[in-house]
Amino acid sequence: MCDYLKVSTVSAGTAVRCLGFTCIPDGEIRIVRDTGNGLFINCEEGCHYLDGQFDRDNAGNEVYVGLSQPYAIIGSVRAGDAVVTHGLSGSFVDGDRTAVQEDNIHGLHVVSPTGDHHPLSAQIADNAGERVYVGIALAGND
């Protein structure tokens, strides 16, 4: 079983990568919402409530099947790694592939198609109970 997000780490505002849905293209990143009737993500049919994704993984953890961490976890990215961007400002387009670079001025960073440096330290945030680089996914996980 894939590393699905634990139920306890998902709330309104959590970003998720969707896999295996008939109403959402594989790999799409969506934001969990809650209107008071339960957690859901927008889909091609309107909204997809997460209660139907509930299951237990092999370790007995309560998880949402089909929802995974969309962003690279801090410590998992190194200079030279291929990454895919999502929602970054500047001239990046969602799905752009680039390599992580490192220097003494910017530290770990990605360079936009127009040459702007985006330090990964500026992308650090919490998502689904983990410290991540928002907008950056390892290319093997896109």
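The values are calculated or read from the model by the stated rules, or taken from the named source; none is laboratory data. What you see is a predicted model; the values in this text were computed from it and never measured. Please note: Cβ atoms are built from the backbone with ideal geometry, for glycine as well, and neighbour counts cover all protein chains shown. Note: areas computed on protein heavy atoms with side chains; ligands, DNA, RNA excluded. Shrake-Rupley method; radii C 1.70, N 1.55, O 1.52, S 1.80 Å.
A few points about this structure:
- Some residue of the stretch 43-60 being within 19 Å of V134 (Cα to Cα), touching a Gly at 6+ places or on another chain (Cβ under 9 Å) and at pLDDT 95 or above: no
- The set of residues from the stretch 1-39 being without any contact (Cβ under 8 Å) to a residue 40 or more places away in the chain, touching an Asp or Glu at 6+ places or on another chain (Cβ under 6 Å) and more than 15 Å from Y49 (Cα to Cα) is empty.
- Being under 16 Å from the mean Cα position of the chain (by Cα), part of a strand (DSSP E or B) and either surrounded by 11 or more Cβ atoms within 10 Å (Cβ to Cβ) or not β-branched (V, I, T) (or both) is not true of I24.
- Check on V110, under 23 Å from Y4 (Cα atoms), hydrophobic (A, V, I, L, M, F, W, C) and open to solvent by less than 20 Å² (accessible area, probe 1.4 Å): no
- Here is the figure for the stretch 47-62: residues that are closer than 14 Å to S8 by Cβ, part of a loop (DSSP other than H, G, I, E, B) and open to solvent by 70 Å² or more (accessible area, probe 1.4 Å) total 1.
- For the stretch 27-46, filtered to residues that are assigned to a loop (DSSP other than H, G, I, E, B) and over 24 Å from D126 (Cβ atoms), the residue that is most open to solvent (accessible area, probe 1.4 Å) is E45.
- One residue alone among V83, V100 is of a type in the set (A, V, I, L, M, F, W, C), modelled with pLDDT of 95 or more, touching a Gly at 6+ places or on another chain (Cβ under 7 Å) and open to solvent by less than 40 Å² (accessible area, probe 1.4 Å), and that residue is V100.
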